[in-house]
Amino acid sequence: MKPKILFEDNHIIVVLKPPNMLTQGDRTGDENLLDYLKAYIKVKYEKPGNVFVGLVHRMDRPVGGLLVFARTSKAANRLAKQVKDRTIDREYICICKGNPPSQFTLRDFLYKDREKNKVCLVPSYLRKGKEAILHARTIRYIDDSALVAIRLETGRGHQIRAQMSGNGFPLLGDMRYGDMNEKGQIALWGIRLGFLHPITQQKMIFFSAPKFDGFWQNYWRDIEGLEGNWPVISPQYPYRGRA
């Protein structure tokens with residue numbers, strides 16, 4: 001897959017990130033989405049010199065789905081405020097092992113081991129790590145797995161993968177936080193994105209389902225039905241997870 005531009009104007013650009021592509025560059029030097037968009041804008045609009053593209057939020061390398069980038073510094077600052085205020089809707093679909101509750105909230109503290117590039121759940125009394133909160137609704141169960149819609153309240157690196165695994169529901173295909181011997185594409189996808197346009201203040205909502213192959217085949221009808229009937233994913237109290 002190549003990145004797919006879903007919407008662009010003078011202020012923002014919404015793109016579908018393919019799985020296994022970096023959101024931004026790292027020490028590997030592999031192709032990344034941020035540089036791809038800069039090159040795309042430079043060629044399309046014949047812009048001389050450096051091109052500004054503002055990174056608003058990130059997505060783990062193995063994961064595909066919807067991202068919004070800013071084309072101006074003003075748009076970047078206003079979108080960053082939405083992220084900080086937790087008013088941007090970042091919603092995912094995943095397939096996990098086990099039988100999670102029909103609705104649940106996970107609240108944990110995540111600590112990152114930078115050498116291993118892996119995060120783990122830690123008790124809050126250790127006073128290290130960052131708080132991570134997500135809300136979820138189970139769409140369907142099949143045997144010992146479940147299709148789960150997730151809304152992020154916070155946006156930590158590897159958050160969904162680490163929290164779901166740490167609470168007993170590892171994602172299919174996740175070799176880092178699930179079964180190390182399991183090979184294939186991770187069953188996690190950024191399916192829905194909602195935010196206020198940073199200039200017009202219009203509510204923008206985008207939906208894009210994963211390709212229906214691999215893990216997704218058994219659930220494709222459920223996923224297709226979500227576009228016009230996205231579930232309300234609200235906080236469920238008391239919190240599940242380690243506070």
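The values are calculated or read from the model by the stated rules, or taken from the named source; none is laboratory data. Not measured: the values here are computed from a predicted model. Backbone-built Cβ (ideal geometry, glycine too); neighbour counts: all protein chains shown. With ligands, DNA and RNA removed, areas are computed over all heavy atoms of the protein, side chains included. Shrake-Rupley method; radii C 1.70, N 1.55, O 1.52, S 1.80 Å.
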Which numbered condition Leu34 misses (of (1) within 22 Å of Glu115 (Cα to Cα); (2) in contact with a strand residue (DSSP E or B) (Cβ under 7 Å, 6 or more places away or on another chain)): (1)
Tally, over the range 18-43, of residues that are part of a loop (DSSP other than H, G, I, E, B), within 18 Å of Leu6 (Cα to Cα) and hydroxyl-bearing (Ser, Thr, Tyr): 1
Unique residue being assigned to a loop (DSSP other than H, G, I, E, B), at positive phi and either out of contact with any Phe, Trp or Tyr (no Cβ under 9 Å at 6 or more places or on another chain) or open to solvent by 40 Å² or more (accessible area, probe 1.4 Å) (or both) when the list is Gln201, Gln236: Gln201
Which listed residue is assigned to a loop (DSSP other than H, G, I, E, B) and aromatic (Phe, Trp, Tyr), from Phe206, Phe195, Phe212: Phe212
Yes/no for Val63 being open to solvent by less than 60 Å² (accessible area, probe 1.4 Å), within 16 Å of the chain's Cα centre (by Cα) and either of a type in the set (A, V, I, L, M) or within 19 Å of Ile5 (Cα to Cα) (or both): yes
Residue check for Ile13: in contact (Cβ under 8 Å) with a residue 40 or more places away in the chain, crowded, with 19+ Cβ neighbours inside 10 Å and under 25 Å from Ala162 (Cα atoms): no
Test: Arg78 is on the phi > 0 side of the Ramachandran plot, in contact (Cβ under 8 Å) with a residue 40 or more places away in the chain and outside any strand (DSSP E or B): no
Restricting the range 108-127 to residues that are assigned to a loop (DSSP other than H, G, I, E, B) and open to solvent by less than 90 Å² (accessible area, probe 1.4 Å), the residue that is farthest from Pro170 (Cα to Cα): Pro123
Some residue of the range 209-218 being in contact (Cβ under 8 Å) with a residue 60 or more places away in the chain, farther than 19 Å from Pro62 by Cα and not β-branched (Val, Ile, Thr): yes
Close pairs from the range 139-155: first exposed (fewer than 15 other Cβ atoms within 10 Å of the Cβ), partner in a loop (DSSP other than H, G, I, E, B), Cβ under 9 Å, at least 6 apart: Tyr141/Asn99; Tyr141/Pro100; Asp144/Gly98; Asp144/Asn99
Residue check, Gly194 free of Cβ contacts under 8 Å to residues at least 60 places away in the same chain and not hydrophobic (A, V, I, L, M, F, W, C): no
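When you go through Thr28, Thr87, Thr105, Thr23 one by one, which is the residue that is under 17 Å from the mean Cα position of the chain (by Cα) and open to solvent by 70 Å² or more (accessible area, probe 1.4 Å)?
Thr87
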